[in-house]
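As structure tokens, the structure follows; a few thoughts come after it.
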Amino acid sequence: MNISLSPRVLFRELDGESVLLDLHSQQYFGLDPIGTRFWQLAQQQYPFSQIHQQLLTEYLVDSETLHHDLQELIAQLQQAGLLTVQL
Amino acid sequence: MGGEPHFLTSYGGVDGYWLISNFQTVHITTNGQEITNLSSTPSPTITSLMSGVGFILALALQGTFCFHASTVAINHQLVAFMGESGKGKSTLGAFLGQMWTQTGDDVLPMSTYHMGRLDFPQPKLLSPKFMELPMQRIYLLAEGELVQLETLSTSHATLSLVRHTIGSRLFAPDLLEQQLAFCAGIAATIPIKKLTYPRQWAWLPAVAEAITQDTRL
């Protein structure tokens, strides 16, 4: 799975968390530390599998839980128009 | 605007901003230095556009963003109470003004050049002598069953400031970006706390006590 972040989104990291601003809709979103790291890795255009592997090395979480949580986060961000996914 | 509903449209670009309401148009230069009435006939709508949202937008273009907040001076420092209309900031500011000094109500302008200071007189500012006071705390008002204070993370504080910025729905993308950077700067330098309390007069003394203790720290 490849992830493309919307170019109309501003990302600002703040003490490990972050704020996203969709310049088109003027909607703001907040990301927790794991969500923030996900976005930073996606900015570097890593595929989902690589992002998943990298976060496993950074956080004490089992693979299945992380996979599920990332899928949920991606679905929310996709619904908000902040990214698109290519399978 | 002016307490009455209006349909308002804004267009922002390289030539500045146009505010349009009830077929009346106001132009604001890109540097926010000039607000011009482009309509042929003066009207209450034009007055509202120019002195209300037009003024707020012009200030933002100059790097001064306005927030929904009232302020009180405590021991030569400012404390702000932030919240939408009807959330109690005016009532709380007026009550605390009996102990300290109420310095502003409803609109709090803050500048990127003088962080945390009031840069210019605004309609509800009681005395210009408070314009040089530094900002000590910003309290985000919320209703709850007890008086509680909760420090917000930088990102939550930034989001709160962004959401309480007046007129931001009129901002073009570049101004939104400046607003976000400005709010992040405030959140990183001024403690922002969520102040929860029951919205009843009997609880205001307890709120005052909590703020007294918190501002002594």
The helix B:173-189 Cα axis meets the longest alpha-carbon principal axis of chain B at an angle in degrees, between 0 and 90 and rounded to 10, of 20 degrees
Within chain A, DSSP-loop chymotrypsin sites (Phe, Trp or Tyr not before Pro) with at most 14 other C-beta atoms within 10 Å are A:59
When A and B pair up, the total accessible heavy-atom area removed from solvent (1.4 Å probe), in Å² to nearest 100, is 1300 Å²
By the C-alpha gyration tensor axes a ≥ b ≥ c (rounded if a/c is under 1.5, else prolate when a/b exceeds b/c, else oblate), the shape of the protein assembly as shown is oblate
Output field shielding_mean for A:17-28 (other chain Cβ, 10 Å radius) holds 4
Taking a ≥ b ≥ c as the square roots of the Cα gyration tensor eigenvalues, with a/c under 1.5 meaning rounded and otherwise prolate when a/b beats b/c or oblate if not, segment B:57-116 comes out oblate
Taking N as the number of residues in chain B, the ratio of its alpha carbon radius of gyration to 2.2 N^0.38 Å works out to 1.05
From highest to lowest solvent-accessible area (probe 1.4 Å; ligands, DNA and RNA excluded), B:160, A:4 read A:4, B:160
Restricting to aspartates and glutamates and to Cα separations under 20 Å from residue B:194, and discarding same-chain partners fewer than 8 apart, the set is A:15, A:17, A:32, B:84, B:105, B:106, B:143, B:145, B:150, B:209, B:214
Per DSSP loop assignment and a cutoff of at most 16 other beta carbons within 10 Å, chain B keeps its longest run without exposed trypsin sites (Lys or Arg not before Pro) at B:1-116
Using a 1.4 Å probe on heavy atoms of the protein chains only, the accessible area for residue B:56 in Å², nearest 10, reads 20 Å²
So, relative contact order of chain A in percent, Cα under 8 Å, 6 or more apart, is 37 percent
The helix B:204-216 Cα axis meets the longest alpha-carbon principal axis of chain B at an angle in degrees, between 0 and 90 and rounded to 10, of 90 degrees
In whole percent, the Cα-Cα distances of chain A spread across 5 Å bins from 0 upward as 3, 14, 27, 27, 19, 8, 2, 0
So the carbon and sulfur contribution to the accessible area of chain A, 1.4 Å probe, in percent, is 47 percent
per DSSP, antiparallel bridges as share of beta bridges in chain B, % nearest 5, sits at 75 percent
To the nearest Å², the heavy-atom accessible area per residue of segment A:8-87 with 1.4 Å probe amounts to 56 Å²
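The values are calculated or read from the model by the stated rules, or taken from the named source; none is laboratory data. From a predicted model like this one, the values you see are computed outputs, not experimental measurements. Quick reminder, even Gly has a Cβ in these numbers, built from the backbone with ideal geometry, and neighbours come from all protein chains shown. Each accessible area value is taken on the protein alone, full model and side chains, heavy atoms only, with ligands, DNA and RNA left out. Shrake-Rupley method; radii C 1.70, N 1.55, O 1.52, S 1.80 Å.
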